[in-house]
There are 2 protein chains.
Amino acid sequence: MQTYSQPADIHAAIRNARRQGQTIGCVPTMGALHAGHASLIERARSECSCVVATIFVNPTQFGPSEDFSRYPRTLDADLDICRRAGADIVFTPAVSDMYSPNAETIVRVKDISTILEGAHRPGHFDGVTTVVSKLFLITEPDRAYFGQKDFQQQLIIRRMVRDLNFPVEIITCPIIREPDGLAMSSRNRYLTTEERRTATAISQSLWFAESMADQPHAQPVTVQLALTERLNAVPGIELQYAVVACPDTLIQIPAGSRVANAVALVAARVGTTRLLDNHILKFRQ
Amino acid sequence: MQTYSQPADIHAAIRNARRQGQTIGCVPTMGALHAGHASLIERARSECSCVVATIFVNPTQFGPSEDFSRYPRTLDADLDICRRAGADIVFTPAVSDMYSPNAETIVRVKDISTILEGAHRPGHFDGVTTVVSKLFLITEPDRAYFGQKDFQQQLIIRRMVRDLNFPVEIITCPIIREPDGLAMSSRNRYLTTEERRTATAISQSLWFAESMADQPHAQPVTVQLALTERLNAVPGIELQYAVVACPDTLIQIPAGSRVANAVALVAARVGTTRLLDNHILKFRQ
């Protein structure tokens with residue numbers, strides 16, 4: 001496994017691999033890797049001849065009061081996980097390798113970046129789409145792998161790829177969960193033992209939503225209301241949003257509309273830690 | 001010479017050329033080609049083994065009261081010029097081939113897009129950088145060629161390429177002029193005979209600025225003032241701006257600053273036609 005910190009160096013290495021007929025798969029991460037990231041690298045390994053993982057805690061996607069400086073940085077452990085999961089190349093740039101001091105270009109996916117996570121974290125998705133554009137242009141992948149855990153993110157990146165003609169196929173991979181259901185996240189390590197126990201209420205509320213959706217005549221709005229009430233009743237959970245929305249637009253499904261599929265999306269604070277989860281719901285027709 | 005209207009088709013053709021070891025040169029245009037465009041294609045021909053010209057009148061870079069609908073469209077003549085100048089491939093998409101109805105992604109180079117042309121044409125450069133990003137991702141060139149006539153545009157595209165890590169070298173080519181000095185522009189064909197005569201005052205004012213800059217102790221601000229006064233005195237010219245600025249930032253050079261090089265940039269209306277011109281000034285040290 002080769003590691004690079006300079007964009008020009010990894011670009012040359014990947015161009016070389018491509019010239020030899022290899023298919024490039026890219027897994028962009030912020031490090032602090034866990035089994036969810038490993039599953040993305042393994043999926044890339046199974047589909048591509050050259051697997052590139054990127055490890056970069058991107059400052060431009062953090063708000064001024066967010067956890068950029070304390071975000072976990074575990075490079076040695078990350079490289080072990082990359083190696084075991086089958087990465088060929090790892091890109092580990094410093095902030096100064098990625099941004100010139102007077103950088104002024106942004107990539108913005110307009111409407112869908114301003115709702116849900118975008119409403120709670122203004123500017124967050126501009127940071128994400130800008131850095132992912134840069135990573136795509138540096139690594140020039142045929143396929144790129146993202147986790148469904150960040151549902152809105154993978155949708156926004158799909159829009160960006162479509163709108164800007166990036167020659168990249170976006171593969172969204174299933175959420176990987178702890179045995180008790182908690183969606184894996186680098187931020188889970190912020191949780192105290194008690195908070196960790198409380199946090200299981202989030203995934204449990206999504207299974208509850210799934211069983212409600214499976215009832216005859218279930219309506220998305222009814223499920224959304226029940227999901228919200230259930231989470232609001234849990235001590236230690238500060239709900240930010242719980243919605244049942246169209247999986248392609250993230251627009252909430254209005255009362256009276258019948259749909260086959262929807263996505264239930266939850267964001268909540270547990271202590272000082274912000275957690276996300278989501279689940280696809282199938283409604284009986 | 002091959003022509004394509006579908007992004008996927010031209011992308012496949014160029015990927016194929018690249019696989020055969022070819023170097024790709026791209027010349028993005030809005031059609032209505034003239035000798036200035038031909039010089040870009042010829043320059044690409046001399047430096048690249050596969051020359052791609054794109055012809056697309058991009059609606060997103062026109063303001064609502066601008067000339068999008070009446071912008072000259074001369075496809076047959078354009079293809080002749082492309083052929084004679086040495087293009088291998090021409091991309092002629094329709095608007096619907098380039099933009100899905102619900103496209104919502106923009107590429108924005110922030111500060112420098114809001115001054116000069118950006119101040120007179122709000123949103124113009126967002127349209128330019130977004131469509132050029134798309135054209136770069138569709139044609140994946142090693143080098144792309146732009147005219148110095150649109151000085152701010154080539155500078156903004158250079159910033160974008162640097163900031164987003166586009167693997168493209170930007171080549172800026174000299175302004176091509178009519179025998180009487182008027183900078184070639186697709187919009188010159190809007191001019192009446194009398195306006196055409198009036199318009200020569202613009203390039204003449206730039207030669208005047210050049211000779212002023214060449215005087216001992218000449219100051220950029222003095223040249224800018226004289227340039228402005230001279231153009232304001234020409235009947236039939238409605239000056240929008242005349243500035244003497246740093247060629248890397250387009251910031252006007254303050255009084256008392258000594259510089260070796262500056263760029264004089266002029267925008268003016270002649271009748272209903274908006275014309276641009278510019279010239280590099282060398283100051284004695």
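Read-outs throughout are calculated quantities, based only on the coordinates presented, and are distinct from any laboratory measurement. Please read all numbers here as calculations on a predicted model, not as lab measurements. Quick reminder, even Gly has a Cβ in these numbers, built from the backbone with ideal geometry, and neighbours come from all protein chains shown.
Structural remarks
- Length available on full extension from A:ASN102 to A:GLU66: 0.36 nm per residue minus the Cα-Cα distance, which gives 10.7 nm.
- Fewest-first ranking of A:CYS246, A:CYS26, using other Cβ atoms within 10 Å as the exposure measure: A:CYS246, A:CYS26
- The mean number of Cβ atoms from other chains found within 10 Å of a Cβ in peptide A:110-117 is 1, as a whole number.
- Antiparallel DSSP beta bridges within the protein assembly as shown, percent to nearest 5: 55
- The ellipsoid that matches the Cα gyration tensor of the protein assembly as shown has semi-axes, each √(5λ) in whole angstrom, of 50, 26, 24, with the longest given first.
- Distance from region B:1-30 to region A:10-64 (C-alpha centre basis), Å: 27
- With the convex hull of its Cα atoms as the shape, region A:186-282 has an orientation-averaged projected area of 6.0 nm².
- Average beta-carbon neighbours from other chains, 10 Å sphere, peptide B:99-105: 6
- Difference of contour (0.36 nm per residue) and Cα-Cα distance, A:SER211 to A:ARG284: 25.2 nm
- The per residue volume of the convex hull around the alpha-carbon atoms of region B:149-200 is 83 Å³.
- Sorted by Cβ density within 10 Å, fewest first, the residues A:MET184, A:MET212: A:MET184, A:MET212
- Cα-based reach from B:LYS282 at 24 Å (exclusive), listing lysines while leaving out same-chain residues under 8 positions away: B:LYS149
- Among chain A residues, the one whose Cβ is nearest the axis of the rotation from A to B, given with its distance rounded to whole Å, is A:VAL107, 3.
- Virtual spin-label span in nm between B:ARG269 and A:ALA260, 7 Å along Cα→Cβ: 5.6
- Using the alpha carbons alone, the radius of gyration of region B:133-227 stands to its Kirkwood radius in an Rg to Rh ratio of 1.09.
- Copy-to-copy label separations for A:PRO122, where each label sits 7 Å from Cα toward Cβ, in nm and ascending: 1.9
- Number of partner chain Cβ atoms within 10 Å, mean per residue of A:155-167: 5
- Given +1 at the Cβ of Lys and Arg, -1 at the Cβ of Asp and Glu and no other charges, the dipole of region A:2-173 around its Cα centre is 280 debye to the nearest 20.
- 222 nm mean residue ellipticity, helices alone, for chain A (DSSP H n ≥ 4; -39,500 (n - 2.57); rounded to 500): -12000 deg cm²/dmol
- Relative contact order, percent, chain A [alpha-carbon distance under 8 Å, six or more residues apart]: 17
- Among beta bridges identified by DSSP and lying wholly in chain B, the antiparallel ones come to about 50 percent.
- Burial ordering of A:VAL128, A:VAL161, fewest other beta-carbon atoms within 10 Å first: A:VAL161, A:VAL128
- Trypsin sites (Lys or Arg not before Pro) restricted to region A:181-285 and DSSP loop, no more than 12 other C-beta within 10 Å: A:ARG258, A:ARG284
- Ranked from shortest, the separations from the 7 Å Cα-to-Cβ label point of B:ALA8 to its equivalents in the other copies are 3.8 nm.
- At q = 0.11, 0.17, 0.19, 0.23 Å⁻¹, base-10 log of I(q)/I(0) for region A:53-149 (Debye sum, equal scatterers on each alpha carbon): -0.38, -0.93, -1.14, -1.47
- At 7 Å out from Cα toward Cβ: B:GLN204 inter-copy label distances (nm, ascending): 8.6
- Kirkwood Rh, Cα atoms: Rg over Rh of chain A: 0.97
- Value of Rg to Rh for region B:29-106 (Rh from inverse mean 1/r over Cα pairs, i.e. Kirkwood): 1.02
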